[in-house]
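The values are calculated or read from the model by the stated rules, or taken from the named source; none is laboratory data. Predicted, not measured: the structure shown is a model, and the values here were computed from it. Quick reminder, even Gly has a Cβ in these numbers, built from the backbone with ideal geometry, and neighbours come from all protein chains shown.
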Amino acid sequence: MAGSVDELMQTIAAEYESLPRQLKIIAGYVEQHRSSLMLARISDIAAECAVQPSAIVRFAKRFGFSGFSELQEVFRQAYTSKVAAAPSYKQRIRKMVSARDAKLAPGAMAREFFEASRAGLEELANGLDDRQFAGAVKLLQKADSIHVVGVRRSFPVAAYLAYALQHINKPVHLVSGLGGMYREQMRGVRSRDVVVAISFSPYGKETQYCARIARFLGAKLLVITDSRLSPLTRNADAVLAVPEGSAFAFRSLASAISLCQALFVALAYKLEVDLGIPGGANPGGANPSGLDEAVEDY
């Protein structure tokens, strides 16, 4: 039986593929609602998952708990202080929208969307896995070349990350799939490269395809996604989970873009520090990391 939320989620992720269909649905719910699970009633969770309450109990017992209450206690211990302090931005926004009778003015709608984005950023900051983030930086630091792929909603995030990474002294390739040529673009991947796969639910099949090719070719795989139960995480070398705020049925990209900016800045800092030059100065005029240009252009 897992003693913490992180340990429990790691166990669920490891066993996810072997779970029956109903338990997979419950696992997805637990992943997406971990911050509010300690307040949820078993009947409400069952209704949301379209299963019987007995399935929730089976899920809890599958992971070593006597029942739902004992599983819930793990989340309650981790998050009670946060819940007691104040409802999250996401909870406030959803309550505000559901209680709204009058039509919203454009400016008011924009502000509610901004608040949803802020909620996602707050959750990202509070839940950032430092070990995984440091691992992601290390993967990029050691890579000979970096290949970035993301489709549809994830494409602007992938394009931005590829742009930012162009400011370091490494070959960086955006796998755009132009003309349907994902396979052809992935042919350039080598075993000392890193493929960054960015995808959010419902998880682009093209991105999953590129991730499989990366593993087949022996490259390292860095995944940026919204859930540790994402199919992309199974063979990943590092996983960065990105919670996003949403309003009016639209999910923000603010957290994903911010995470990519932070990833680039942390990598740039690491490369500069490893040059062994105090303060980043380079009196010899050489610029092996390419970071002078990075700071100037970024």
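Just to be sure before I move on: is Ala134 under 20 Å from the mean Cα position of the chain (by Cα) and more than 14 Å from Leu267 (Cα to Cα) in the structure I sent? Outline the logic, then answer.
Numbers: under 20 Å from the mean Cα position of the chain (by Cα): yes; more than 14 Å from Leu267 (Cα to Cα): no.
When the stated conditions are applied, Ala134 does not pass them.
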Query raised in the report: Got at least one residue in the stretch 222-241 being under 20 Å from Asp130 (Cα atoms), touching a helix residue (DSSP H, G or I) at 6+ places or on another chain (Cβ under 9 Å) and either acidic (Asp, Glu) or not assigned by TED's automatic domain parsing to the domain that holds Gly150 (or both)?
Result: yes
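For the stretch 188-210, how many residues meet the condition of being acidic (Asp, Glu) and either in a loop (DSSP other than H, G, I, E, B) or modelled with pLDDT of 90 or more (or both)? Give the steps one after another, and end with the answer.
Of all residues in the stretch 188-210, those acidic (Asp, Glu) come to 193, 206.
Pick out the ones that are also either in a loop (DSSP other than H, G, I, E, B) or modelled with pLDDT of 90 or more (or both) and you get 193.
Within the stretch 188-210, residues that are acidic (Asp, Glu) and either in a loop (DSSP other than H, G, I, E, B) or modelled with pLDDT of 90 or more (or both) number 1.
At least 2 residues that are polar (S, T, N, Q) and in contact (Cβ under 8 Å) with a residue 12 or more places away in the chain in each: list the helices (runs of 4 or more DSSP H) lying fully within the stretch 120-187 that qualify.
Numbers: elements: 130-142, 155-165, 182-186.
Those helices (runs of 4 or more DSSP H) span 130-142.
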Requested in this report: State whether the residues of the stretch 184-201 include one that is acidic (Asp, Glu), surrounded by fewer than 17 Cβ atoms within 10 Å (Cβ to Cβ) and in the same structural domain as Lys270 (by TED's automatic domain parsing).
Outcome: yes
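Run down Leu259, Leu229 and say which single residue is at pLDDT 85 or above, within 12 Å of the chain's Cα centre (by Cα) and not β-branched (Val, Ile, Thr).
Values: Leu229 fails: at pLDDT 85 or above.
Criteria check complete, one pass: Leu259.
With the structure loaded, tell me whether Lys90 is assigned to a helix (DSSP H, G or I), surrounded by 14 or more Cβ atoms within 10 Å (Cβ to Cβ) and either at pLDDT 80 or above or of a type in the set (D, E, K, R) (or both) or whether it fails that test. If you could, list the steps in order and put the result at the bottom.
Working: assigned to a helix (DSSP H, G or I): yes; surrounded by 14 or more Cβ atoms within 10 Å (Cβ to Cβ): yes; either at pLDDT 80 or above or of a type in the set (D, E, K, R) (or both): yes.
Against the criterion (assigned to a helix (DSSP H, G or I), surrounded by 14 or more Cβ atoms within 10 Å (Cβ to Cβ) and either at pLDDT 80 or above or of a type in the set (D, E, K, R) (or both)), Lys90 qualifies.
Out of the residues in the stretch 12-36 that are more than 20 Å from the chain's Cα centre (by Cα) and in a helix (DSSP H, G or I), which is surrounded by the fewest Cβ atoms within 10 Å (Cβ to Cβ)?
As a first pass, look at the stretch 12-36 and keep what is more than 20 Å from the chain's Cα centre (by Cα): 18-23.
Filter again for in a helix (DSSP H, G or I), leaving 18, 21-23.
Values: Ser18: 9, Arg21: 7, Gln22: 17, Leu23: 21.
Taking the candidates together, the pick is Arg21.
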